[in-house]
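Participant: Dropping a structure here in structure tokens format, bear with me for questions.
No value in this document is a laboratory result; all are computed from the given coordinates. This one's a predicted model, so the numbers in the text were calculated from it and none came from an experiment. Counting neighbours? That spans all protein chains shown, and the Cβs are built from the backbone with ideal geometry, glycine included.
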Amino acid sequence: MNLLLYGAPGSGKGTQANMLRSHFGIPHIATGDMLRAEIAADTELGRQAQPILAAGKYVSDEIMIGIVRHRLGEPDCVPGFIMDGFPRTVPQAEALDDLMAELGKRFDRVIYLKVPVEELLRRLSGRLVCPTCQRTYPPGTASCQADASSLVQREDDRPAAVRPRIEIYLEKTVPVLDHYRIGGLVSEIDGRGTIEEISRQVLAAANGRVVKKQTA
Ligand code: AMP
């Protein structure tokens with residue numbers, strides 16, 4: 001099962017990816033998490049990427065494609081994977097098509113979590129994250145429910161970076177959806193509502209069922 005989670009920052013991709021990872025037992029490939037790990041390890045790539053992430057801009061296509069090419073070649077991806085945060089530009093989507101073809105893989109579904117911009121801005125401003133498991137929480141939450149770690153604010157969830165992140169998403173990443181719409185692969189899911197309701201629809205989409213919102 002190869003799944004692509006698509007949506008703006010703050011749309012709930014990380015939460016749904018965690019659910020899908022436990023459900024299907026396949027790795028979650030989150031390019032943002034990979035870059036943050038490089039920054040934490042103070043690698044050469046991490047030092048290059050740090051100011052770009054802090055400003056809410058995009059790391060170059062060349063670097064990102066290289067990272068993903070390397071990651072998809074690892075043995076744990078053989079049974080499948082959940083891609084999150086990539087591709088974010090049309091050239092990345094084209095490179096991913098080539099890479100998937102080379103590996104003899106294809107996406108089973110592209111799951112688009114749709115959330116209006118005002119709601120994204122509200123969610124991202126003040127959002128807290130667990131430094132251990134990357135789960136996100138609303139402002140005011142003291143510790144992670146999963147592992148009790150103290151929560152922190154991501155540098156790019158600070159007000160100065162939130163709007164640039166949404167602007168670059170609208171400019172460079174929204175066109176990526178059309179790339180997959182042409183292939184008829186996209187399931188669009190309303191990213192507002194309870195996590196349980198959204199998870200139910202995400203699972204239905206991943207399993208190839210028509211997504212219907214439950215009425216009360
Ligand atoms: P995320 O955790 O997915 O919101 O990613 C955090 C940051 O990492 C983004 O704001 C970008 O600076 C960088 N990043 C992650 N994935 C990509 C990508 N596919 N292309 C360019 N930059 C990326």
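Participant: Looking at the chain, what % of its DSSP beta bridges pair antiparallel, to the nearest 5?
Facilitator: 20
Participant: Hey, another quick one. Mind giving me the FRET efficiency for Ala148 and Ile63? R0 is 30 Å, r the Cβ-Cβ distance, nearest 0.05 is fine.
Facilitator: Given R0 = 30 Å and the Cβ-Cβ separation, E is 0.30.
Participant: Same structure, new question: If contacts are Cα pairs under 8 angstrom and at least 6 residues apart, what is the relative contact order of the chain in percent?
Facilitator: Contact order relative to length: 28 percent.
Participant: Related question: With springs only between Cα atoms under 10 Å, which of Val186, Val59, Val110 fluctuates most in a Gaussian network model of the chain?
Facilitator: Highest fluctuation among the options: Val59.
Participant: Lys13: which aspartates and glutamates have alpha carbons under 16 Å from its alpha carbon, excluding same-chain residues fewer than 8 sequence positions away?
Facilitator: Answer for Lys13, where 16 Å is the Cα cut-off: Asp33, Asp84, Glu119, Asp157, Glu188, Asp190, Glu196, Glu197, listed by chain and number.
Participant: Under a GNM of the chain (C-alpha, springs under 10 Å), which listed residue has the highest mean-square fluctuation: Val68, Val152, Val202?
Facilitator: Between Val68, Val152, Val202, it is Val152 that shows the largest mean-square fluctuation.
Participant: Anyone know which of Asp97, Asp147, Asp156 comes out most mobile in the 10 Å Cα GNM of the chain?
Facilitator: Taking springs between Cα atoms under 10 Å, the residue moving most is Asp147.
Participant: Rg and Dmax of segment 2-206, using alpha carbons, in Å: what are they?
Facilitator: Using the Cα atoms of segment 2-206, the pair Rg, Dmax is 16.2, 46 Å.
Participant: Can you give the longest run of the chain that contains no trypsin sites (Lys or Arg not before Pro) sitting in a DSSP loop with at most 11 other Cβ atoms inside 10 Å? Show your work: numbers first, answer last.
Facilitator: Working: sites that count: Arg106, Arg209, Lys212, Lys213.
Longest stretch, sites excluded: 1-105.
Participant: Rounded to the nearest 20 debye, what is the charge dipole size of segment 40-140 about its Cα centre when +1 sits on each Lys and Arg Cβ and -1 on each Asp and Glu Cβ?
Facilitator: 500
Participant: Assigning unit charges at the beta carbon (Lys, Arg +1; Asp, Glu -1) and nothing else, what dipole magnitude in debye, to the nearest 20, does the chain show about its Cα centre?
Facilitator: 660
Participant: So in the chain, which Cys have no other cysteine's beta-carbon sitting under 4.7 angstrom from theirs?
Facilitator: That list is Cys77, Cys133.
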